[in-house]
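Student: Quick one: the structure is below, and I'll ask about it shortly.
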Amino acid sequence: MSNKRFYVTTPIYYPSDKLHIGHALTTTMADTLSRYKKMLGYDTFFLTGSDEHGQKIEKTAAQAGMKPIEYTDKIVAGFQELWKKLDIEYDDFIRTTEKRHYETVSKIFTKIYEKGDIYKSEYEGFYCTPCESFFTERQLEEGHCPDCGRKVDVVREESYFFKMSKYADDLIAYIESHPHFIRPETRKNEMLSFLKSGLEDLCVSRTTFDWGIPVPIDDKHVIYVWFDALTNYLTALDYLNEGELYQKFWQENDEIVHLVGKDIVRFHTIIWPIILMAADIKIPDMVFAHGWLLLDGGKMSKSKGNVVDPTALIDKYGSDAIRYFLLREMPFGEDGYYSEEALVLRTNTDLANDYGNLLSRTTSMIDKFCGGIIPEKTSEDDVDKEFADLAGDIKEAYVANMDNLQFGKALQEVWKIIARGNKYIEESAPWALAKDESKAEKLNAVMYNLAETIRVATIYLSPFMPATPAKVFDQLGIDELGLKSWDSIDFGAAIQGIKVRRKDPIFPRIDAKEALKVEETQEPKKESKKDSKKDSKKESKKEAAEEGANLISFDEFFKTELKVAEIVAAEKVEKTDKLLKLSLQVGEEKRIIVAGIALHYAPDELIGKKIIIVANLKPAKLRGIESQGMLLAASTSDKKQMTLLTVDSDIPSGSKVG
Ligand code: MSP
């Protein structure tokens, strides 16, 4: 009997710019899923790639003084380098500029046209260039793009239309009878209500730019980008020749999974299945929409200048730490948050302390108490048994969570035994057992159980962190392939007699202060360079000296408007440890400030305090809340102690400070 098949895809990314950490999230998910299925014995195919056509790329390339293909060649090479660094093991990388893709898109377009489901008419509507999307007036939100909120352009031109409306009822029926097609459930409900509100025909060609695949029957037109882009999932499987890959991974496969971000679910669960229905091709099994990876200040964007470069992070912390962080932190189907601080914290607690320490403590004790050889377990008491049972028990929960794309939860299962392993060491105190010859059997059981736990946990972790298992198995002395594979996942393998090879910690503890300091000191350097250029030599020397001493003038100081504010209400900001939302009275005015003081103050104890705020700071959004100013507080350099600057007389709120 042939193996079970699994086909997983990421969205194909726009090569208008370099990729950021948010893009790395989807690709890491797909890679982990593909490695997991492969580990279970599936025949897998994992596809990623680049979506190179459209007006935006055409414009960006022109601004860079390049032909579109020269521009995308360069950016796409960067994508591929990033995936290599992140240990992404894809089976194919599709570029929409490839000949095979032109031919596949033409084949599908022609098939649908000949069926009568594509027709020529005049388009009048609204176009969002950054999203490459057309909208009807009804779809706009307060006159702006419903996806990105930006301004849209009004366009009118001759276009080809795809009779999407014809298939709306069939699609509703399909979604309702296939509860796993759109996941999570909330997205499914959104899409169903969108569909039920009425579907219009889709404009599938443009004449106002050239950078695209020509319409096969009319080369004045190029094919609208989403029709072009979505088809990539079939191009890579050789739908063109309906070849072996297509038969194997599409036709005869019932696990076809598209991973997408929540912003592009509509394209994948409405346009894509309707294209497939019209072309008489089967619909995939699941479109899973994940949330976005956000920063404290909201979304990453080039214009805000807050884009996080994954390459720099991989260089600094290693690929496995980044992959682990992304999949551990992201809540299922919802938005998650990235900060370098959180990344360092996660790496230190989970990887260095829990996992890394368990390995080094175990190998060190086996060295010391058992001559470096994993002993045989000849008996076990209740504690040993309870521990071994737990280590053996997680398989079902792990598999269920992985199959459900609940990566964070699967990792939590693995961590249950890692954490329990560390506790087991404390409970059984092997150092005391080693002093008492009559306890030799117990000591052996403890050492065996610990080594076996690490082995099993490492197999579970291997789809998440592909570089780590080799290091761990090396230290455990496990060379035999069979002992590293899913076939031996059940607790209790014959690892006795193996000689451990203790080495350096697999995840050395990161000095958080050092690691995060580099980031803080980079900014001022850039500014001082820029400032000194425009001044005369003498002036700039003086300024440089003053800058070095951090001196500012009176005028500069009084640009900052400090005021007394009274805290009238305080509450924790959801899903954060550090932030409090404070409602303030500043004279007649009411303000909201979001402040990172939750580790130092309980909301209740703040009510009635009169504090000092910077009143003329530009508002900034933190976790979706507009913070209108900043409060003053003093803290020790390690940030362990912090105190708010308060006024102790009953001076009214709104009074000026300075
Ligand atoms: N080219 C289209 C996809 C076509 S698929 C047939 C596209 N490209 S994109 O480069 O703009 O985005 C690709 C994916 O990256 C989307 O799924 C999007 O949700 C995801 N992300 C972009 N920023 C993100 C975060 N900050 N966090 C998580 N994913 C995010 O759309």
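Any read-out appearing in this document is the output of simple, stated calculations on the displayed coordinates, not a laboratory observation. From a predicted model like this one, the values you see are computed outputs, not experimental measurements. Here the Cβ positions follow ideal geometry from the backbone for every residue, glycine too, while neighbour counts run over all protein chains shown.
Student: Quick one: dipole size for region 98-177, taken about the Cα centre, charges +1 on Lys/Arg Cβ and -1 on Asp/Glu Cβ, in debye to the nearest 20. Working shown, then result.
Tutor: On the way: 12 positive and 17 negative charges, 73 e Å.
Roughly 360 debye for region 98-177.
Student: While we're on this one: Please report, in debye to the nearest 20, how large the charge dipole of region 6-124 is about its Cα centre when each Lys and Arg carries +1 at its beta carbon and each Asp and Glu carries -1 there. The partial results should precede the final answer.
Tutor: Numbers: 17 positive and 19 negative charges, 23 e Å.
Approximately 120 debye in magnitude.
Student: What FRET efficiency, computed as 1/(1 + (r/R0)^6) with R0 = 51 Å and r the Cβ-Cβ distance, is obtained for residue 180 and residue 656, rounded to the nearest 0.05? Before the final figure, lay out the partial values.
Tutor: Working: r = 61 Å, r/R0 = 1.20.
It comes out at approximately 0.25.
Student: Using only the Cα atoms of region 168-252, construct the convex hull and provide its projected area averaged over every direction, in square nanometres to one decimal. Write down the numbers at each step before the final one.
Tutor: Numbers: hull surface 31.0 nm².
The Cα convex hull of region 168-252, projected and averaged over all directions, gives 7.7 nm².
Student: Follow-up question, since we're still on this one. Restricting to bridges with both residues inside the chain, how much of the DSSP beta-bridge set is antiparallel, in percent to the nearest 5? Write down the numbers at each step before the final one.
Tutor: Values: 52 of 74 bridges.
Here the share of antiparallel DSSP bridges comes out near 70 percent.
Student: Separate question: Using the scaling law 2.2 N^0.38 Å as the reference, what is the normalised Cα Rg of the chain?
Tutor: Values: Rg = 29.5 Å, N = 658, 2.2 N^0.38 = 25.9 Å.
Cα-based Rg divided by the globular estimate yields 1.14.
Student: For the chain, what is the relative contact order in percent, using Cα pairs closer than 8 Å and at least 6 residues apart in sequence?
Tutor: On the way: 1046 pairs, mean separation 72.5, N = 658.
Rounded, it is 11 percent for the chain.
Student: Could you tell me which GluC sites (Glu not before Pro) in region 123-183 are loop residues by DSSP with no more than 15 other beta carbons within 10 angstrom of their beta carbon? Don't skip to the end; give the middle numbers.
Tutor: Working: sites: 124, 132, 137, 141, 142, 157, 158, 176; in loops: 132, 142.
Filter output for region 123-183: 142.
Student: Quote to one decimal, in nm, the extra length available between residue 494 and residue 137 on full extension: 0.36 nm per residue of separation minus the C-alpha distance between them.
Tutor: 121.8 nm
Student: Another question about this same structure. Once all Cα-Cα distances of region 182-314 are split into 5 Å bins that start at 0, what whole-number percent is in each one?
Tutor: Cα pair-distance distribution for region 182-314, in percent: 2, 8, 14, 16, 16, 16, 15, 9, 4, 1.
Student: Using only the Cα atoms of region 1-40, what semi-axes does the equivalent ellipsoid have when each is the square root of 5 times a gyration tensor eigenvalue? Give whole Å, largest first.
Tutor: Details: eigenvalues 147, 24, 5 Å².
Those come to 27, 11, 5 Å.
Student: I've got another one for you. If each DSSP helix of 4+ residues adds -39,500 (n - 2.57) and the sum is divided by the residues in the chain, what number results at 222 nm, nearest 500 deg cm²/dmol?
Tutor: Working: 22 runs with 263 residues, N = 658.
Taking each H run of at least 4 residues, the total per residue is -12500 deg cm²/dmol.
Student: Among 404, 646, 68, which residue has its Cα positioned farthest towards the positive end of the charge dipole of the chain, with +1 placed on the Cβ of Lys and Arg, -1 on the Cβ of Asp and Glu, and the dipole taken about the Cα centre?
Tutor: Working it through, the farthest residue towards the positive pole turns out to be 646.
Student: When you have a sec, figure out the Kirkwood radius of region 557-657 from all distinct Cα pair distances and drop it here in Å to one decimal? Let's see the in-between values first.
Tutor: Details: mean 1/r = 0.0729 Å⁻¹.
Value: 13.7 Å, from the Cα pair sum.
Student: Could you calculate, for region 83-146, the ratio of the Cα radius of gyration to the Kirkwood radius, expressed as Rg to Rh?
Tutor: Values: Rg = 17.9 Å, Rh = 15.7 Å.
Ratio of gyration radius to Kirkwood radius: 1.14.
Student: Which of the trypsin sites (Lys or Arg not before Pro) found in region 73-170 are loop residues per DSSP with 15 or fewer other Cβ atoms within 10 Å of their Cβ?
Tutor: Working: sites: 74, 84, 85, 95, 99, 100, 107, 111, 115, 120, 138, 150, 151, 156, 163, 166; in loops: 115, 150, 163.
Of the trypsin sites (Lys or Arg not before Pro), the ones in loops of region 73-170 whose Cβ has at most 15 other Cβ atoms within 10 Å are 115, 150.
Student: Calculate the spin-label point distance for residue 18 paired with residue 302, positioning each point 7 Å from the Cα along the beta-carbon direction, and give it in nanometres.
Tutor: 1.2
Student: Also, quick follow-up: For region 268-376, report the % of Cα-Cα distances exceeding 26 Å. Don't skip to the end; give the middle numbers.
Tutor: Values: 2872 of 5886 pairs.
Value for region 268-376: 49 percent of Cα pairs lie more than 26 Å apart.
Student: At a threshold of 8 angstrom on Cα-Cα distance, excluding pairs fewer than six apart, so keeping six or more, what relative contact order does region 1-134 reach in percent? Don't skip to the answer; put the middle values down first.
Tutor: Numbers: 139 pairs, mean separation 36.6, N = 134.
Computed over region 1-134, the figure is 27 percent.
Student: Then there's this: So how far apart, in nm, are the two label points at residue 156 and residue 368 if each is 7 Å from Cα heading toward Cβ?
Tutor: The modelled label-to-label distance comes out at 8.4 nm.
Student: I would also like to ask the following. Excluding residue 378 itself, calculate the net charge of residues whose Cβ lies under 13 Å from the Cβ of residue 378, where each Lys or Arg counts +1 and each Asp or Glu counts -1.
Tutor: Values: positive: 377, 439, 442; negative: 376, 380, 381, 384, 441.
Once positives and negatives cancel, what remains is -2.
Student: Okay, moving on. Taking the Cα centre of each part, how many Å lie between region 197-253 and region 595-658?
Tutor: Rounded to whole Å, the Cα centres lie 55 Å apart.
Student: Pull up the cross-link candidates among the aspartates and glutamates for residue 368, meaning alpha carbon to alpha carbon under 20 Å and not fewer than 8 places away within one chain.
Tutor: 376, 426, 427, 436, 437, 441, 452, 474, 504
Student: Are there any GluC sites (Glu not before Pro) in region 227-318 that are in a DSSP loop and have at most 11 other Cβ atoms within 10 Å? List them by number.
Tutor: 252
Student: Where Rh is the Kirkwood radius over the Cα pairs of region 339-488, the temperature 37 °C and the viscosity 0.692 mPa s, what D in µm²/s does Stokes-Einstein return? Let's see the in-between values first.
Tutor: Details: Rh = 16.0 Å.
The calculation lands on 205 µm²/s.
Student: Continuing with this model, one more query. What's the magnitude of the charge dipole for the chain around its Cα centre, counting Lys and Arg as +1 and Asp and Glu as -1 at the beta-carbon? Answer in Debye, nearest 20. Don't jump to the answer; show the numbers that get you there.
Tutor: Numbers: 90 positive and 109 negative charges, 335 e Å.
The calculation lands at about 1600 debye.
Student: Under 20 °C and 1.002 mPa s, how fast does region 450-518 diffuse according to Stokes-Einstein, given a Kirkwood radius computed over C-alpha pairs? Answer in µm²/s, whole number. Could the numbers behind the result be given before it?
Tutor: Details: Rh = 13.3 Å.
D = 161 µm²/s.
Student: Please list the radius of gyration and Dmax for region 419-480, considering alpha-carbon atoms only, with Å as the unit.
Tutor: Rg, Dmax (Cα atoms, Å): 13.8, 42.
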